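Data block below; observations after.
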Amino acid sequence: MKVLFASAEAYPLAKVGGLGDVAGSLPKALRELGHDVRIAMPMYGTIREAKDVGSFPVAIGGADHEAKLRTTRIGEVPVYLIDFAPLFDRPKVYEYPDDGQRFAFFGKAVLDMIPTAGWQPDVVHLNDWHTALAAAFLKTTYRGDERYRGLRCVFTIHNLQHQGLFGREVFDWAGLPPETWDPEGVEFYGRMNFLKAGVVYADQVTTVSPTYAREIQTPEYGFGLEGLLRSRASKLSGILNGIDYDVWNPAKDPHIPQKYSKSTLEKKAKNKSALQKGAGLAVESKIPLIGIVSRLTEQKGLDILIPAIPEIMNLGVQVVLLGTGEPVYEGPLERFSAAGKGFVAYVKYDEALAHRIYAGSDFFLMPSKFEPCGLGQEISLRYGTIPIVRATGGLADTVSDVGANPKTGNGFVFTDYTPGALADAVRRAVEFYRMRRGWRPLQQRAMGRDLSWSASAQTYADLYKNA
């Protein structure tokens, strides 16, 4: 099977969030199954080294533009870079006033580049709203084009909250057929909705966990698209994300002070001591240490975490937090950190520090309001760091409560989205930790869960065949 995997970001070439991690690791896992998978992404200003393939035309915005096609690799995975400097030669991936035009261009260029690449995919796998217009172009503008007749389309929703909503002028600039400006097409309450285009026009639609696939069909999680998703339920499925075991492996991790494995868990303690020392905390093995690596947004549960912090700290714990986000959350966290009472907040992005927090913490806290999949809890399980999570999306699919399932549980789970429910889950976790009985078996169960891409990659391969 030949698959063109289109994404706005792919680690390590460009990464803003979890999408970059998935795009950097799923194609590799699919290639290991014997499939010819190649990535297509924009060539941003931060990407410097690439080989020229040729030029190709992109007719959009009422003009014929010439884009360049370049190639590089992520490991053994070939990457096609769409080089159009006026839109992509910039330091950031997103957050520009013309993002509508930028990713409309990218969506069309993903198809237009194929003849120049000299490689004909069987399936184009589109990811999130930035690529979704490719599905609309494929099924409308290029419907009668022999070059694309056999090409099928899979669209993955990584986060339904971000839909790519723009004014009618972006639709006119993109040049889709007029009949697509319709409630059954790309129109959404008078605006253009890129993500909706992916749902409407793709042959198969996936999201990144089975629970999230069900949740997005409800008003609570559907962000206005729940009716459309229910009507397309026959082509909607949820496939759990995996993590790259080459990147996230405590036995080989170059970022942590002490490597360890499931059979040498006693060595993990050195990572805790190093994290405590580096954060200026008391170096004390008996104090429960809670790690948080997160974007600081409402989606990630910051609006219930911050009110719960005083009660959590009264449990006699230490907390090390790493992340950036909205100033309304950054400010209070920095004030808690400045108080010097066992709470340390690093308001920044630091990949190496993230690894040290996963390895050095006893617990990993994810109180998300909604969580399509979540990679943090999967990484923490891999590192024997016990997750404390809210039962939503992929968190519900990967973490089982020890209290409800003493022999199979691998974490602590709460349901109500309140500061009190969050603090109570932390209290239960801390009490379990201090009992010590059952702690090492719990860590070993956590590390024993297979969260690699192997199984999910095979499910995607089966989905491509169905498409």
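The values are calculated or read from the model by the stated rules, or taken from the named source; none is laboratory data. Keep in mind the model is a prediction, meaning the values are calculated, not measured. Ideal geometry is used to build each Cβ from the backbone, glycine not excepted, and the neighbour counts take in all protein chains shown. Note: areas computed on protein heavy atoms with side chains; ligands, DNA, RNA excluded. Shrake-Rupley method; radii C 1.70, N 1.55, O 1.52, S 1.80 Å.
Once you list every other residue whose beta carbon is under 9 Å from the beta carbon of Met366, what net charge do they have if Lys and Arg are +1 and Asp and Glu are -1? Write down the numbers at each step before the final one.
Numbers: positive: Lys300, Arg390; negative: Glu371.
Here the charged neighbours net out to +1.
The apolar share of the surface of the chain, taken as the fraction of accessible area on carbon and sulfur atoms (1.4 Å probe, ligands and nucleic acids excluded), comes to 51 percent.
Find the relative contact order for the range 14-163 and round it to a whole percent, using C-alpha pairs within less than 8 Å whose residues are 6+ positions apart.
On the way: 211 pairs, mean separation 29.1, N = 150.
Relative contact order, the range 14-163: 19 percent.
The residues of the range 127-174 present an accessible area of 37 Å² per residue when probed at 1.4 Å with all protein chains retained.
Spatially, the range 235-251 and the range 35-90 are offset by 26 Å when compared through their Cα centroids. Within the range 139-212, the trypsin sites (Lys or Arg not before Pro) that combine a DSSP coil assignment with at most 15 other C-beta atoms in a 10 angstrom radius are Arg143, Arg149. Ranking Asp112, Asp450 from most to least accessible surface, computed with a 1.4 Å probe over the protein chains only, gives Asp450, Asp112.
Give me the 1.4 Å probe accessible area per residue for the range 312-380, excluding ligands and nucleic acids, in Å². Intermediate results must be reported in sequence, preceding the final value.
Working: 2340 Å² over 69 residues.
Accessible area per residue, the range 312-380: 34 Å².
I want the antiparallel fraction of DSSP beta bridges within the chain, as a percent rounded to 5. Kindly include the intermediate steps, with their values, before the conclusion.
Working: 21 of 66 bridges.
Within the chain, antiparallel bridges account for around 30 percent of the total.
Charged side chains reduced to their Cβ positions (Lys and Arg at +1, Asp and Glu at -1) give the range 81-120 a dipole of some 40 debye around its Cα centre. Taking every protein chain into account, the 1.4 Å probe leaves Lys262 with about 100 Å² of accessible area, to the nearest ten.
Among the GluC sites (Glu not before Pro) in the range 280-368, those located in a DSSP loop and surrounded by at most 12 other Cβ atoms within 10 Å of their own Cβ are Glu284. What is the sum of charges, Lys and Arg at +1 and Asp and Glu at -1, for the other residues whose Cβ falls under 15 Å from the Cβ of Tyr329? With Lys, Arg at +1 and Asp, Glu at -1, the neighbours total 0. When both bridge partners sit in the range 130-228, DSSP labels roughly 50% of those beta bridges antiparallel. To the nearest ten degrees, helix 454-466 and the longest principal axis of the Cα atoms of the chain are 20 degrees apart. For the chain, the relative contact order comes to 12 percent (Cα pairs under 8 Å, sequence separation of at least 6). Under the simplified labelling scheme, the Ala339-Trp119 pair shows an inter-label distance of 5.4 nm, with each label point 7 Å from Cα along Cα→Cβ.
Can you compute the charge dipole magnitude of the chain about its Cα centre, using +1 on each Lys and Arg Cβ and -1 on each Asp and Glu Cβ, nothing else charged? Give it in debye, rounded to the nearest 20. Walk me through the intermediate numbers first.
Working: 54 positive and 52 negative charges, 392 e Å.
That gives a dipole near 1880 debye.
The angle between the Cα long axis of helix 99-112 and the main principal axis of the chain comes to about 60°, on a 0 to 90 degree scale. Toward the positive end of the charge dipole of the chain, with +1 on the Cβ of Lys and Arg and -1 on the Cβ of Asp and Glu, the farthest Cα among Trp181, Ile74, Pro254 is that of Pro254.
Which whole-number percentage describes the relative contact order of the range 44-126, with Cα contacts under 8 Å and a sequence gap of 6 or more? Intermediate results must be reported in sequence, preceding the final value.
On the way: 98 pairs, mean separation 25.1, N = 83.
Computed value for the range 44-126: 30 percent relative contact order.
A straight line joining the Cα centroids of the range 187-202 and the range 331-390 runs 35 Å.
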